Amino acid sequence: MTQSADTAPQAGSPLPQFPMRRTCPFSEPPEYAGMRADHPVSRAALKVNGKPAWLVTRHEHVRQVLGDSRVSSDLKRPGYPHQFHIPEEMLAQVRLMMLNMDPPEHSAQRRMLIPEFTARRVREMRPRIQQIVDEHVDAMLAAGGPVDLVTALALPVPSLVICELLGVPYEDHARFEEWSAAMMNHDLSPAEYGAAVQALDMYLDELVTRKENEPGDDLISRFLEKNRAERVADHADVVTMARLMLVGGHETTANMIALGVLALLRHPEQTAELRADPALLPNAIEELLRVFSISDSGTARVAVEDIEVGGVTIRAGEGILALNNAADHDESVFPDPGTLDIHRKEARSHLAFGYGIHQCIGANLARVELETVYGTLLRRVPGLRLAVAPDELRFKDDAMVYGVYELPVTW
Amino acid sequence: MRVTTERDRCVGSGQCALLSPEVFDQDDEGLVVVLVEQPAEAQREEVLRAADLCPARTIRVHD
């Protein structure tokens with residue numbers, strides 16, 4: 001059976017709105033299960049502008065779309081499913097981040113960054129990451145509970161790690177954390193969003209200029225050095241690359257740290273197993289990444305040619321959201337998908353880091369950060385518990401990347 | 001069992017090197033290197049897993 005946009009099941013009735021929200025903080029949006037079963041590739045209207053886009057919900061189809069060279073990540077292409085309101089004139093001036101580039105530009109930039117994030121390089125960062133985590137846990141224990149785990153640990157750890165890797169002075173973290181949190185907010189006006197991007201870019205522009213003149217032992221300086229030989233990026237591209245690494249490097253990991261701790265607090269038996277046998281942690285982390293899939297709609301694409309997905313024809317120029325949170329709850333891959341199971345054999349098949357050429361370049365770094373933080377808390381703060389009633393927690397339902405705003409804990 | 005890869009299409013995720021470190025590695029550029037072209041039968045499961053999880057689908061396993 002082949003359908004086009006005109007004959008999709010919802011034709012005639014109003015399209016469902018996207019994004020859809022979670023009603024339970026620990027589950028996927030409730031609409032997803034029905035979509036996976038009945039119309040796994042179907043249209044929705046984007047809340048931001050009412051335009052239609054295809055939602056892809058099954059694991060197999062999400063991988064297919066994200067692995068297809070006939071889809072583009074270029075947000076300037078007509079039909080790209082924007083989730084922020086960006087005025088046309090502003091869009092024309094946007095400098096594309098790597099995650100919005102297509103090959104060959106994308107491949108050229110990514111190739112320069114891959115050596116920074118290999119399994120070996122990330123392994124070498126472990127001792128320093130452990131030191132950073134220990135210092136923050138020391139401070140937390142010295143201060144005494146209750147503390148907000150987000151500000152005490154979840155945010156500063158990845159923030160420090162990415163600052164040291166990039167060569168960004170950590171003293172400036174309060175400024176860029178504010179700008180970067182603003183850039184993740186769906187509900188921001190174009191002017192507010194633009195102002196946050198501009199402020200961060202002005203800051204990074206100065207930093208990149210400093211490194212052009214006085215290179216250091218850091219990712220930005222190494223990128224600049226390689227770029228002198230290969231010339232894949234101009235100054236503004238380097239600033240944009242630095243912004244992507246800085247924002248992508250801490251906001252996502254910070255959210256995942258806090259959500260993961262919260263999930264472990266809700267599952268004391270599994271937490272006890274992890275404490276007894278830390279070798280179980282890596283798989284538990286894959287499972288936590290899967291159940292939350294915090295960057296559900298980060299995988300937006302637009303078809304460049306007509307493609308067929310699950311019997312549906314997506315026409316050239318139509319927008320696609322390959323929903324990794326829906327894919328990661330696909331019961332044909334993950335039986336009983338709503339249940340957290342640290343022993344789940346197939347946990348690593350999740351698409352929380354995306355799939356295809358744009359898969360998160362920092363995934364292995366994120367894994368080590370999560371392992372270090374969870375492992376250290378299990379070992380050093382065995383009595384950790386929530387300091388508020390669970391229903392008092394506020395979740396980031398309005399943000400591009402899901403998370404919890406505060407996590408008051410004590411021990 | 002024989003393993004081949006397309007280095008040109010590798011995106012450096014390092015999944016293969018993590019899942020099957022005796023068979024795969026990453027070179028100085030972070031791209032895939034096959035250490036053992038004909039892995040032992042005992043490694044079949046992890047090699048197939050690495051091939052399945054490769055985000056760029058560059059790993060081929062031939063019987």
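Kindly indicate the residue of region A:194-237 that is among the β-branched types (Val, Ile, Thr) and either outside any helix (DSSP H, G or I) or farther than 24 Å from A:Pro87 by Cα (or both) and also modelled with the lowest pLDDT among those meeting that condition.
Applying the first criterion (among the β-branched types (Val, Ile, Thr)) to region A:194-237 yields A:197, A:208-209, A:220, A:232.
Applying the additional criterion that residues be either outside any helix (DSSP H, G or I) or farther than 24 Å from A:Pro87 by Cα (or both) yields A:208-209, A:220, A:232.
On the way: A:Val208: 97, A:Thr209: 97, A:Ile220: 97, A:Val232: 93.
Here the answer is A:Val232.
If you take the residues of region A:64-90 that are modelled with pLDDT of 95 or more and of a type in the set (Val, Ile, Thr), which of them is farthest from A:Ser349 (Cα to Cα)?
So, considering only residues that are modelled with pLDDT of 95 or more and of a type in the set (Val, Ile, Thr), the one farthest from A:Ser349 (Cα to Cα) is A:Val71.
Going residue by residue through region A:148-155, is there one that turns out to be under 21 Å from the mean Cα position of the chain (by Cα), assigned to a loop (DSSP other than H, G, I, E, B) and within 14 Å of chain B (Cβ to nearest Cβ)?
Among the residues of region A:148-155, not one is under 21 Å from the mean Cα position of the chain (by Cα), assigned to a loop (DSSP other than H, G, I, E, B) and within 14 Å of chain B (Cβ to nearest Cβ), which makes the answer no.
Among the numbered criteria (1) under 21 Å from the mean Cα position of the chain (by Cα); (2) of a type in the set (S, T, N, Q); (3) open to solvent by 70 Å² or more (accessible area, probe 1.4 Å); (4) within 14 Å of chain B (Cβ to nearest Cβ), which single criterion is violated by A:Ser107?
Here A:Ser107 meets the rest and fails (3).
Identify all residues within region A:197-217 that are touching an Asp or Glu at 6+ places or on another chain (Cβ under 8 Å) and closer than 23 Å to A:Thr252 by Cβ; write none if there are none. Walk me through how you get there before you give the answer.
As a first pass, look at region A:197-217 and keep what is touching an Asp or Glu at 6+ places or on another chain (Cβ under 8 Å): A:203, A:211, A:215.
The one that is touching an Asp or Glu at 6+ places or on another chain (Cβ under 8 Å) and closer than 23 Å to A:Thr252 by Cβ: A:Tyr203.
Out of (1) buried (at least 21 other Cβ atoms within 10 Å of the Cβ); (2) away from chain B (no Cβ under 14 Å); (3) in a loop (DSSP other than H, G, I, E, B), what's the single condition that is false for A:Leu351?
Condition (2) is where A:Leu351 drops out.
Restricted to region A:27-55, and to residues that are assigned to a loop (DSSP other than H, G, I, E, B) and free of Cβ contacts under 8 Å to residues at least 24 places away in the same chain, which residue is most open to solvent (accessible area, probe 1.4 Å)?
A:Pro30
All but one of (1) farther than 28 Å from A:His85 by Cβ; (2) in contact with a Ser or Thr (Cβ under 9 Å, 6 or more places away or on another chain); (3) within 14 Å of chain B (Cβ to nearest Cβ) hold for A:Cys360; state the number of the condition that does not hold.
Every listed condition holds for A:Cys360 apart from (1).
Could you pull out every one of the strands (runs of 3 or more DSSP E) wholly within region B:19-63 that has 2 or more residues that are under 23 Å from A:Leu66 (Cα atoms)?
Values: elements: B:24-26, B:32-34, B:59-62.
Once the strands (runs of 3 or more DSSP E) in region B:19-63 are filtered for at least 2 residues that are under 23 Å from A:Leu66 (Cα atoms), what remains is B:59-62.
Just for region A:162-172: of the residues that are open to solvent by less than 50 Å² (accessible area, probe 1.4 Å) and assigned to a helix (DSSP H, G or I), which one is modelled with the lowest pLDDT? Walk me through how you get there before you give the answer.
Going through region A:162-172, the residues open to solvent by less than 50 Å² (accessible area, probe 1.4 Å) turn out to be A:162-163, A:165-169, A:172.
Going one step further and asking which of them are assigned to a helix (DSSP H, G or I), we end up with A:162-163, A:165-166, A:172.
Working: A:Ile162: 94, A:Cys163: 93, A:Leu165: 96, A:Leu166: 95, A:Asp172: 88.
In this case the residue turns out to be A:Asp172.
One line per residue, one yes/no per condition, for (1) farther than 10 Å from A:Thr118 by Cα; (2) more than 9 Å from chain A (Cβ to nearest Cβ); (3) out of contact with any His (no Cβ under 9 Å at 6 or more places or on another chain); (4) open to solvent by less than 40 Å² (accessible area, probe 1.4 Å):
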| position | (1), (2), (3), (4) |
| --- | --- |
| B:Thr4 | yes, yes, no, no |
| B:Gly14 | no, no, yes, yes |
| B:Leu19 | yes, no, yes, no |
| B:Glu22 | yes, yes, yes, no |
| B:Asp25 | no, no, yes, no |
| B:Gly30 | no, no, yes, yes |
| B:Leu35 | yes, yes, yes, no |
| B:Gln38 | yes, yes, yes, no |
| B:Glu41 | yes, yes, yes, no |
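For region B:43-55, give me the residue count where each residue is more than 14 Å from A:Ser349 (Cα to Cα) and within 8 Å of chain A (Cβ to nearest Cβ).
Count: 0.
In the set A:Ala182, A:Ala191, which member is in a helix (DSSP H, G or I), modelled with pLDDT under 95, of a type in the set (A, V, I, L, M) and more than 21 Å from A:Glu251 (Cα to Cα)? Give the derivation first.
On the way: A:Ala182 fails: more than 21 Å from A:Glu251 (Cα to Cα).
Step by step, each of A:Ala182, A:Ala191 is checked, and only A:Ala191 is in a helix (DSSP H, G or I), modelled with pLDDT under 95, of a type in the set (A, V, I, L, M) and more than 21 Å from A:Glu251 (Cα to Cα).
Is region A:378-392 home to any residue that is outside any loop (DSSP other than H, G, I, E, B), within 30 Å of A:Met241 (Cβ to Cβ) and modelled with pLDDT of 95 or more? Give the derivation first.
Quick first cut of region A:378-392, residues outside any loop (DSSP other than H, G, I, E, B) only: A:378-380, A:385-386, A:390-392.
Narrowing the set further to residues that are within 30 Å of A:Met241 (Cβ to Cβ) leaves none.
No: zero hits.
Please determine, by comparing only the residues of region A:357-393 that are β-branched (Val, Ile, Thr) and closer than 30 Å to A:Leu99 by Cα, which one is surrounded by the most Cβ atoms within 10 Å (Cβ to Cβ). Step through it out loud before you land on a result.
Quick first cut of region A:357-393, residues β-branched (Val, Ile, Thr) only: A:357, A:361, A:368, A:372-373, A:376, A:381, A:388.
Subsequent filtering for residues that are closer than 30 Å to A:Leu99 by Cα retains A:357, A:361, A:368, A:372-373.
Working: A:Ile357: 21, A:Ile361: 25, A:Val368: 19, A:Thr372: 24, A:Val373: 27.
This residue is A:Val373.
Identify the single condition in (1) under 22 Å from A:Lys396 (Cα atoms); (2) among the hydrophobic types (A, V, I, L, M, F, W, C); (3) not in a loop (DSSP other than H, G, I, E, B) that A:Val62 does not satisfy, given that it satisfies every other one.
All conditions pass for A:Val62, except number (1).
Can you pull out every residue in region A:67-94 that is hydroxyl-bearing (Ser, Thr, Tyr) and open to solvent by 30 Å² or more (accessible area, probe 1.4 Å)? Outline the logic, then answer.
We begin by selecting, within region A:67-94, every residue hydroxyl-bearing (Ser, Thr, Tyr); these are A:69, A:72-73, A:80.
Those that are hydroxyl-bearing (Ser, Thr, Tyr) and open to solvent by 30 Å² or more (accessible area, probe 1.4 Å): A:Ser69, A:Tyr80.
Hey, does region A:263-278 have a residue that's of a type in the set (Gly, Ala, Ser), under 30 Å from A:Arg385 (Cα atoms), touching a residue at least 12 places away in the same chain (Cβ under 8 Å) and buried (at least 17 other Cβ atoms within 10 Å of the Cβ)? Step through it out loud before you land on a result.
Initial filter on region A:263-278 (of a type in the set (Gly, Ala, Ser)): A:263, A:272, A:276.
Imposing the further condition that a residue be under 30 Å from A:Arg385 (Cα atoms) reduces the set to A:263, A:272, A:276.
Then keep just the ones that are touching a residue at least 12 places away in the same chain (Cβ under 8 Å); that gives A:263.
If we keep only those that are buried (at least 17 other Cβ atoms within 10 Å of the Cβ) too, we end up with A:263.
Yes, some residue in region A:263-278 is of a type in the set (Gly, Ala, Ser), under 30 Å from A:Arg385 (Cα atoms), touching a residue at least 12 places away in the same chain (Cβ under 8 Å) and buried (at least 17 other Cβ atoms within 10 Å of the Cβ).
The values are calculated or read from the model by the stated rules, or taken from the named source; none is laboratory data. Everything numeric here is computed off the predicted structure, so don't read it as measured data. Every residue, glycine as well, gets a Cβ built from its backbone with ideal geometry; the counts of neighbours run over all protein chains shown. Heavy atoms of the whole protein, side chains included, go into the accessibility calculation; ligands, DNA and RNA do not. Shrake-Rupley method; radii C 1.70, N 1.55, O 1.52, S 1.80 Å.
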